[in-house]
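Written out below as structure tokens is the structure these notes cover.
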């Protein structure tokens, strides 16, 4: 009888330890390898610094977990979402991704992003005024305002693997215009001489940027949503972003 009781206690302890271990497993965050600084710097397939690295580690710490940052090619990120291989994806907007991810819940936005048309010369005009121009873009990225212009042949995509490459090719004269965002443009220009800096021509869109969380029992969904609200109230998002201005 005593032996059976001991076996029962041992089984309960094993179950409790297994549950605790599962509860403390790292949260898996997707890192798109097309991104560049100040969002993320990637070395040897590892995310080492940037706004998203700091934000995701802070978010995981808020819910008592470690952050596992998984670097993936852009075209594989959505497949990883569909297969449940990641728990959280940050730096997304509804217009950028497949609307069919019903197993994911949107958090509050942590920043707004202005997408820009940029060139090597100062100026100010709308993208719709351009004719038969090649535009520096990033492979797999969606540009809703430009899509009708691409479809009717008024403009042409010139895809690169990363945001940094799109700006470097613009600087090198491979095309006269490219699409980027205000944070990437500011980071690029701070590392250029005054003569090499790029200029914003117009704002294409201003979009709220959020995270999406896998809605499954092994993910602390409510805690993550609450943590995002807390971080906003504490000014943590602005603090992280300002460190990279």
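None of the figures in this text is laboratory data; all of them are computed from the coordinates on show. The model shown is predicted, which means the values in this text are computed figures rather than measured ones.
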Between segment 189-207 and segment 153-173, the alpha-carbon center distance in angstrom: 14 Å
Degrees, to the nearest 10: 51-62 long Cα axis against longest axis of the chain: 20 degrees
Percent of beta bridges antiparallel (DSSP, the chain, rounded to nearest 5): 60 percent
Using alpha-carbon coordinates, inclination of helix 2-23 to the longest axis of the chain, degrees: 10 degrees
Cα gyration tensor shape of segment 50-183, rounded if a/c is under 1.5, else prolate or oblate by comparing a/b with b/c: prolate
Among [x] 15; [y] 28; [z] 34, the entry that matches percent of Cα pairs over 33 Å apart as calculated here: [y]
Rounded to 10°, Cα long-axis angle of helix 221-233 versus longest principal axis of the chain: 50 degrees
